[in-house]
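A.B. asks: Here it is: the structure, laid out below.
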Number of protein chains: 2
Amino acid sequence: MLPEIKATKSSCEWEPPLSINQKSNKSRIIRHKEGFRWSSVKADKYKKEGQSWSSVIRMALIGDFGESVKFSLRYFEILPKGYSSLEKHKHEHVVICIRGRGKVTLDKKTYKVGYLDTVYISPDTIHQFLNPFEEPFGFFCIVDKKRDKPIVIEEKND
Amino acid sequence: MLPEIKATKSSCEWEPPLSINQKSNKSRIIRHKEGFRWSSVKADKYKKEGQSWSSVIRMALIGDFGESVKFSLRYFEILPKGYSSLEKHKHEHVVICIRGRGKVTLDKKTYKVGYLDTVYISPDTIHQFLNPFEEPFGFFCIVDKKRDKPIVIEEKND
């Protein structure tokens, strides 16, 4: 896949960013296109089907493309009425809300979050992101690159 | 300093976030206030005076407050006509532009950057952020927590 290049008004020449299949430690700019999408960054499914989540898109921006940083930067988007899985793990989440608004459950409480609210989720906190609103809810999520697998919590339907 | 709490319309009770002097691994929400400022996050000087930089504000959001993540999340703001130091180091920068627009020098080239453009700066790239525009230029910068000290490059005035 060839990367899409956004035209820039800069007088400088611009070298194409690396394709996502090309692993290298070269400096690069991942250009934002309109609508919370980035050049050469593709949307993936959040997790394998069949788990307790709905309508979540995942985009990997930094961490899987030859960098040596000890973290990964991803962008997630939850469509209206969607939700991430209710889960816990040893690794921590750092979330920066950037599009629309949503809710986050941290153990037994749920909070509304909006533009640039930053959420720190400590080890073993049971958590879930939800979008009960009418617009997409998008956020960056930064995690340690080396991390444990999430444990999905089964919700009881009494 | 007592943290400032932003009112929320959520029906849930909200526990105050930790003060920046209180180190703990407890989950928390750092509320965005208007104007790219956050509750309980204070603005620091970017570096000690006397180095080759001007009009840069630094805010530490995550990494120095008891978390065990292997990275730090900071917000920087460069005022009009300001610039960060021209420098290089082994550690990498991941920058997400969020306020206004600016320029970034990566080795010998300079590029305009704007909203949500994401910059990856690889090890030993000589780099500098500049704001030749009329509005503040603000960006998140994520780095490994354990990192080397920057080497400031002296600019030649021929």
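Just so you know, all these numbers are worked out from the coordinates, no wet-lab data involved. Please read these numbers as outputs of a predicted model, since none were measured by experiment. Neighbour counts are summed over all protein chains in view; Cβ atoms, including those assigned to glycine, are modelled from backbone coordinates with ideal geometry.
A.B. asks: Applying the Karplus parametrisation 6.51 cos²θ - 1.76 cosθ + 1.60 with θ = phi - 60° to the phi angles of region A:67-84, what ³J(HN,Hα) value in whole Hz is obtained for each residue in order, glycine and proline being reported as x?
C.D. replies: Computed from phi, the couplings for region A:67-84 are 6, 9, 4, 8, 9, 10, 10, 10, 10, 10, 9, 10, 6, x, 6, x, 7, 7 Hz.
A.B. asks: Residue by residue through region B:119-127, which ³J(HN,Hα) values in whole Hz follow from phi under the Karplus form 6.51 cos²θ - 1.76 cosθ + 1.60 (θ = phi - 60°), with glycine and proline marked x?
C.D. replies: Each residue of region B:119-127 in turn: 10, 9, 10, 7, x, 6, 6, 6, 9 Hz.
A.B. asks: So if R0 is 25 Å, what FRET efficiency would B:K42 and B:V152 give, r being the distance between their Cβ atoms, rounded to the nearest 0.05? Walk me through the numbers on the way to the answer.
C.D. replies: Working: r = 25 Å, r/R0 = 1.00.
Rounded to the nearest 0.05, the efficiency is 0.50.
A.B. asks: A further question on this structure: Loop only per DSSP, at most 10 neighbouring Cβ atoms within 10 Å: give me the trypsin sites (Lys or Arg not before Pro) in region A:101-157, ordered by residue number. Intermediate values should be presented prior to the final figure.
C.D. replies: Numbers: sites: A:R101, A:K103, A:K108, A:K109, A:K112, A:K145, A:K146, A:R147, A:K156; in loops: A:R101, A:K108, A:K145, A:K146, A:R147, A:K156.
Those that pass, being in a loop and sparsely packed, are A:K108, A:K146, A:K156.
A.B. asks: Continuing with the same structure: For peptide A:103-113, compute the average count of partner chain beta-carbon atoms within 10 Å of each residue's beta-carbon. Intermediate results must be reported in sequence, preceding the final value.
C.D. replies: Working: counts 2, 2, 1, 6, 1, 1, 6, 3, 8, 7, 5.
Counting Cβ atoms of other protein chains within 10 Å of each residue's Cβ and averaging gives 4.
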